[in-house]
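This report concerns only the one structure given below.
The values are calculated or read from the model by the stated rules, or taken from the named source; none is laboratory data. Remember, predicted model here, so these are calculated numbers, not experimental data. Here the Cβ positions follow ideal geometry from the backbone for every residue, glycine too, while neighbour counts run over all protein chains shown.
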Amino acid sequence: MSQLHYALFTGCTAKQSTPELLSSTLAVADKLGIKITILEEASCCGASHLQDFDQFLAHVLNARNICYAEKLGLTMITICNTCQLNSAMTKHALDSDPELKARVNEKLAEVGLEYKGTSEIKHFLYTLIDDYGLDNIKNKVTVPLSHLNIAPFYGCHNIRPSELHGSSNGNENPYNPRSLDDLIDALEGHPIDYDRKNKCCGFHVELQANHTSEVLAGNALLDAIDNNADIMVTPCPLCHLKMDTYQDSISSTMGRDVELPVLHMPQMVALALGCSEKEIGLNYHVTKADIVR
Amino acid sequence: MFTHKYRKITIKAFRFNAETDYLPYYKTYEMTVENHELILDLLNRIKWEHDGSFSYRRSCRHGICGSCSIKVNGKPVLACKENAWDMIDLFGDELIFDPQSKKRAVKDMIIDKGDFWDKHAAVKPYVEAEIDPHPEHETKMSIAQVDNILDADYCIQCGNCHYACPVVEINEEYFGPAAFAAAYRFSADPRDEAGVERLEMTAQMGQGVWDCVKCNECAEACPKEVNPIEKITRLHNLQFEQKVAKSNVATRHAEGFVRSIRDHGYLDEADIVLYSEGYLGMYKHLKTAIKMLKAGKIHWQDGVPFIDNMPKIKNLDEVKKLIKSSMTNKL
């Protein structure tokens, strides 16, 4: 296999509140011999909220990010479901609407850039599975996760809308997703089955509709707990923030104790590949995750 | 030529009669399914070959009346449009039939859809205009104007998006994606005069578009490719374009992204909460903030005025320039 090389769009949380996501991603890539070039020029994807305010501006800024991956001639990979969705939505909109693409490019020309549509956009989870391969990952496991019942939590923006993601997420069935389950299997963990694994965590209305947000996160966490999960794992740092940080308030909303460590997908892989404690960065978790050791 | 193929499957169907049953239960039916059969055919066969009391709604069989929606293994489908073999390919040889909403079940697949119709009617899903009863000529619309509303107009009110929406389940006030798609469809109609009224209605916290959790369940559930969440985004944009948006935690949260991105390229996670909530609103987040501080997720300098603790992207000046030249809306 020739060396895999990707342009990494880190997103904002990996640069701020979830540094463990970035360090574990880079550690996994290093262990697997995947070359990563970080797109230091890339700005925020808008997280769907900038899109609510000004859709055109959001397209311009996302197209600019993609331009930098195109310049390198690389696939752009994401480590956040929401970055993935919003970048892919801009790509889809521009690739299917020449008039919009021309309007966006008129703006990008002011800063000497042009969006061409030559780079694919893919979440790191799917590059690990489709490009690197589960069997190859399995061969690299040094610390099998056989002591853990792991609840895969997929996060909305990697799996819906399926029509948009089909080509980059291996046609994942949003009603019965398999990728994270398969990855857990490859790391010799025990994936647990539960209804809410493909549901919403409520992160996006945390401020304006707090009750909705807490109930959604609570339903998912309790469903995982009731199905004997030791930990939850997610490919999305926004799901992670909601699920890891707010368990106290979720407990009072739900009227039940909610305590479940939540790992980022790359942290779980890093654990199984024997990466260092510093790289995995469990110290950054609000809900302590010592059980994984 | 069409080749007939057969597969043996098991169907587990939700059974419940609100008048006589204390709890719902599942009943299992074995059948051999041909590759041309629709989910609606399987519903018919349960009733005709197994149990005449099995109940479901159906009418047109042509994907237009919107009556026969159910959930198959959790996936909302219009039964007369969905090929049974496609579902077997997706879920294997055990199909589970559920009503759109279990908590609204009346009899088997039949639900009380009253909440859906009330909310749909509330957004005035019709053109409201002073129309000359004896017009000289038809009202002309440009192709662009038609394109702008066409996919929203495909809605058949089947309710799939409404009952797939997690917010509808939690918040009884919330209009839901179908009502929003209708609100957009008629507000964007050039003949209509109730646009601002609908925008104001759908801008209200609790019932309006700001409570949308962005899960995309509605887009996934729609059998007519209405893409309700895209219409929700358009309603958000229209609120700003038509100056209906009032400054509140949600609108500031959307607009506040510009301020962060202009200054750093990245979203400033502390500033966006502060800017959206205001200093007085921050008390709600104190407990969480302390926990995040302890874990090293945030730092004491974050959000403190005049201390810039934020990482910056490379070539930030490009972003500043693009925001200046491309931003069209204001709060």
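In the condition set (1) in a helix (DSSP H, G or I); (2) farther than 30 Å from B:H285 by Cα; (3) facing chain B (nearest Cβ under 10 Å), A:H211 is compliant with all but (2). Run A:D181 past the list (1) in a helix (DSSP H, G or I); (2) in contact with a Phe, Trp or Tyr (Cβ under 7 Å, 6 or more places away or on another chain); (3) surrounded by fewer than 21 Cβ atoms within 10 Å (Cβ to Cβ) and report the number of the one that doesn't hold. Of (1) in a helix (DSSP H, G or I); (2) in contact with a Phe, Trp or Tyr (Cβ under 7 Å, 6 or more places away or on another chain); (3) surrounded by fewer than 21 Cβ atoms within 10 Å (Cβ to Cβ), only one is false for A:D181: (2).
The single condition among (1) at the interface with chain A (Cβ under 10 Å from one of its Cβ atoms); (2) buried (at least 23 other Cβ atoms within 10 Å of the Cβ); (3) touching a residue at least 24 places away in the same chain (Cβ under 8 Å) that B:N216 does not satisfy is (3).
Looking at B:D98, B:D108, B:D151, just one residue is crowded, with 17+ Cβ neighbours inside 10 Å and touching a Ser or Thr at 6+ places or on another chain (Cβ under 6 Å), and that residue is B:D108. For A:A224, indicate whether it is in contact (Cβ under 8 Å) with a residue 40 or more places away in the chain, more than 17 Å from the chain's Cα centre (by Cα) and buried (at least 24 other Cβ atoms within 10 Å of the Cβ). Spelling it out, A:A224 is indeed in contact (Cβ under 8 Å) with a residue 40 or more places away in the chain, more than 17 Å from the chain's Cα centre (by Cα) and buried (at least 24 other Cβ atoms within 10 Å of the Cβ). If you go through region A:39-70 and keep only what is touching a strand residue (DSSP E or B) at 6+ places or on another chain (Cβ under 9 Å) and farther than 17 Å from B:I313 by Cα, you end up with just A:E70.
Among the residues making up region B:305-331, those that are among the polar types (S, T, N, Q) and in a helix (DSSP H, G or I) are B:S325, B:S326. Every test in (1) over 30 Å from B:M205 (Cα atoms); (2) crowded, with 21+ Cβ neighbours inside 10 Å is passed by A:N219 save one, and that test is (1).
Among residues of region A:125-177 being part of a helix (DSSP H, G or I) and among the polar types (S, T, N, Q), the one that is surrounded by the fewest Cβ atoms within 10 Å (Cβ to Cβ) is A:N139. Within region B:91-126, the set of residues being among the β-branched types (V, I, T) and in contact with a helix residue (DSSP H, G or I) (Cβ under 6 Å, 6 or more places away or on another chain) comprises B:I111, B:V123.
How many residues are surrounded by 18 or more Cβ atoms within 10 Å (Cβ to Cβ) and in contact with a Leu (Cβ under 8 Å, 6 or more places away or on another chain) if we restrict to region B:1-15? Residues meeting the conditions: 2. Between B:K231, B:K224, B:K246, which is under 22 Å from the mean Cα position of the chain (by Cα) and part of a loop (DSSP other than H, G, I, E, B)? On inspection, the qualifying residue turns out to be B:K224. Only one of the numbered conditions (1) in contact (Cβ under 8 Å) with a residue 40 or more places away in the chain; (2) assigned to a loop (DSSP other than H, G, I, E, B); (3) outside the structural domain of B:G176 (by TED's automatic domain parsing) is violated by B:L95, and that is (2).
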